[in-house]
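The values are calculated or read from the model by the stated rules, or taken from the named source; none is laboratory data. Model, not experiment: these values are computed from the prediction. Backbone-built Cβ (ideal geometry, glycine too); neighbour counts: all protein chains shown. Ligands, DNA and RNA are excluded from the accessible area calculation, which covers all protein heavy atoms including side chains. Shrake-Rupley method; radii C 1.70, N 1.55, O 1.52, S 1.80 Å.
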Protein chains: 2
Amino acid sequence: MQKSLYYVGVDVGGSAIKGGVVDDNGKPLSSVSLETEAAQGQEHGLQRMAETVRQAVATAKMKIEQIAAIGVATPGTMDIPAGLILDPPNLKPWKNVPVRQYIHDTFQKPTAFQNDANAAAYGEFWAGAGRGAHSLVLFTLGTGIGGGIIIGDLVIEGEHSHGAEVGHTKIQMTNPRICGCGGKGCLEAYASATSVVKRTQEALGQDGGKSSLHALVKSGKELNSRVIFDAGAAGDQLAARVVEDTAFYLAVGAANLMHTVDPDLVVFSGGMIAAGEKFLDRIRHHVQQLALPVPAAKTKIVYAQLGADAGFIGAAACARLLLRAKKG
Amino acid sequence: MQKSLYYVGVDVGGSAIKGGVVDDNGKPLSSVSLETEAAQGQEHGLQRMAETVRQAVATAKMKIEQIAAIGVATPGTMDIPAGLILDPPNLKPWKNVPVRQYIHDTFQKPTAFQNDANAAAYGEFWAGAGRGAHSLVLFTLGTGIGGGIIIGDLVIEGEHSHGAEVGHTKIQMTNPRICGCGGKGCLEAYASATSVVKRTQEALGQDGGKSSLHALVKSGKELNSRVIFDAGAAGDQLAARVVEDTAFYLAVGAANLMHTVDPDLVVFSGGMIAAGEKFLDRIRHHVQQLALPVPAAKTKIVYAQLGADAGFIGAAACARLLLRAKKG
């Protein structure tokens, strides 16, 4: 009998570095979180990543000798084959950071390196919503929209580390919204949490004071996507319209990936999925209208299952994949 | 030294079945074409495919014993893993035609089966514009827009045989054009040869008789995409506008695939590429504006090289791939 293998996954974000030990079935044995402190520079950042590995192992009451491989996921821009973070907008002032080499040299373990959304997709594929599937597309809904495409253990990272940048596919040409990337008509400019807030603000400027959200804004509370979804669920017509439009835009994104990759599943993750099954059903409804008959009938549209742990579980999954590839 | 291998590729279309013997380097040794005669039924169609194989072999002055494997490419709808044509709009009245089984049983050779656009993409990858690349996306520009996605010898055929249906990705939500598929806002509704003609007709209805194309239409000549591209090149402003818009729409399609698959190359094929390098340069120009900086700088945008032979060369390439997979 083969002895059980353990991996450490690390998920580097703009504000926090998450990590954990994950067993060979995708179950996390520990979950730790450190502040990234990106402003203190990239040397410090690398040390924080290493410290996350150590704390993840210690919290699982294990020793580093028991770890078979390590995976690190980071936001882009990046050069995945080179193991480098290049110039990520969320990790200023880091530039050309040799993440994979540093972690490998520090722990002397096989070390995988992957884009954070790709890792989350592979995490869901291995141990979450995609368990048992052959392929999936993940949309991560947050400030922006990221994505990951998995086809039979292949992470579609792209030739220039820009695979699955689904938030920047164009869904509108006439009078397109401007995206955070500077481009026009991107899915992200229509369906991200940021866009939900922006579209609500635009609508509030034109509804003559009818929406219940006016009082909320006047009271000084933050208008965020959660508040807007809640107002929609409570019957506020303006908010409900914004939510319905968001479901439509996400369905356009889903249909486009169904007509490109044609996966088993389309998975949505991120804060917005707190909106629950009713919102998911609206996305499904619009996909039925938008997609060709066969994928419309057969593709499952679901929410992610791993929550905020998806990144480090996925990073661990990439470590496992690396080890398997090495063994041939 | 391993003995050289030969394959037969067959490309089934609505009006013609093309076929040829292809050597192990992707070079065609023969090229034959038979009328499909689809209206005579699917039994007759299967016999025509078998006859194409025989004629391809005979024309190459070879014997069927020298053929290592056969590949057949057909238009969809289809079930690729099952080897079946389902209900293709271009092959009425065929339904549930067991193409792979029939060709296999007739010739007792390993037989591959693939969607025609996927096969063309794999043909270009193996022996055409994509030689030496690791991945490519092909757009086939004709009456409709088809596509193929190849990543490192993997043909992205999808879980429900709908991979790379790039013509039916949505690029417009507001006042969207209606597509031949019945859907709205599809790339095909903006950038196919059919759409070029339709958009020209619409523009001619509004230009007060200025365009040189009015005389052509009056003389009873057919308004097709070739004529429109020629008029644009000759300085007709209305035609030039239609051509420029087409380049923009195709660039949107290219950028969307660059932000999804992030391939080495985006390849355009089909009758419209007769428009030449100037048109390609306009597509490239718009891609520069639309795509994220790294893929914009690094992804090659090129024309296909195999012309009308891409389908059967690609089908032969699929036969070769099948044989290699069998050998492990």
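Comparing A:95, A:184, A:210 in a Gaussian network model of chain A where C-alpha atoms under 10 Å apart are linked, the largest mean-square fluctuation is found at A:210.
Set the Förster distance to 35 Å, then compute FRET efficiency between residue A:219 and residue A:37 from the Cβ-Cβ distance, nearest 0.05.
After rounding, the FRET efficiency stands at 0.55.
Modelled spin labels at residue B:212 and residue B:308, positioned 7 Å past Cα toward Cβ, are 2.7 nm from each other. The per residue volume of the convex hull around the alpha-carbon atoms of region A:65-134 is 107 Å³. Residue A:18 sits among other residues whose Cβ lies under 12 Å from its own Cβ, and their net charge, with Lys and Arg +1 and Asp and Glu -1, is -3.
Taking only the Cα atoms of region A:42-94, the radius of gyration and Dmax are 13.2, 36 Å. Within the listed set B:125, B:107, B:312, the residue fluctuating most in the Gaussian network model of chain B (springs between alpha-carbon atoms under 10 angstrom) is B:107. Placing unit charges on the Cβ atoms of the charged side chains and taking the dipole of region B:227-328 about its Cα centre, the candidate lying farthest along the positive direction among B:311, B:267, B:239 is B:311.
Would you jot down the residues in region A:275-297 that end up with at least 30 Å² less accessible area in the complete protein assembly than in the chain alone, with a 1.4 Å probe? Buried by the other chains: A:290, A:292, A:294.
Given a Förster distance of 30 angstrom, what is the FRET efficiency for residue A:184 paired with residue A:285, based on the Cβ-Cβ distance and rounded to 0.05?
0.65
Interface residues of region B:139-171, defined as a loss of at least 20 Å² in heavy-atom accessible area between the chain alone and the complex of all protein chains with a 1.4 Å probe, are B:151, B:154, B:156, B:159, B:160, B:162, B:165, B:168, B:169, B:170, B:171. Restricting the calculation to Cα atoms, region B:104-143 shows an Rg/Rh of 1.11 when the hydrodynamic-style radius is the Kirkwood one. In a reduced charge model with +1 at each Lys and Arg Cβ and -1 at each Asp and Glu Cβ, the protein assembly as shown shows a dipole moment near 260 debye about its Cα centre. Ranked from shortest, the separations from the 7 Å Cα-to-Cβ label point of residue A:214 to its equivalents in the other copies are 5.3 nm. Only lysines eight or more places from residue B:27 in sequence, or on another chain, were considered; those with a Cα closer than 19 Å are B:3, B:18, B:61, B:63. Highest mobility in the GNM of chain B, judged by mean-square fluctuation with C-alpha springs under 10 Å and restricted to B:41, B:144, B:270, is found for B:41.
Once you divide the Cα radius of gyration of chain B by 2.2 N^0.38 Å, the number left is 1.02. Taking Lys and Arg as +1 and Asp and Glu as -1, the other residues whose beta-carbon sits under 15 Å from that of residue A:302 total +1. At the residue level, residue B:202 shows approximately 80 square angstrom of accessible surface with a 1.4 angstrom probe and all protein chains present.
Computed extension gain for residue A:87 through residue A:177, at 0.36 nm per residue and net of the alpha carbon distance, reaches 29.9 nm.
Does anything in region B:43-81 have its amide N under 16 Å from the 7 Å Cα→Cβ label point of residue B:108, and if so which residues? Counting backbone N atoms under 16 Å from the label point, the list is B:63-70. So which residues in region A:254-271 end up with at least 20 square angstrom less accessible surface once the other protein chains are there, compared with the chain by itself, probe 1.4 angstrom? When all protein chains are present, A:256, A:259, A:260, A:261, A:262, A:264 each give up 20 Å² or more of accessible surface. With respect to chain A, whose longest principal axis is taken over its alpha-carbon atoms, helix A:310-327 is tilted by about 40°. Treating each Cα of the protein assembly as shown as an identical point scatterer and ignoring solvent, apply the Debye formula and state log10 I(q)/I(0) at q = 0.07, 0.09 Å⁻¹. So the normalised log intensities are -0.49, -0.80. The residues of the protein assembly as shown present an accessible area of 41 Å² per residue when probed at 1.4 Å with all protein chains retained. Chain B and chain A together bury an accessible surface of about 3500 square angstrom, both sides counted, with a 1.4 Å probe and no ligands or nucleic acids included.
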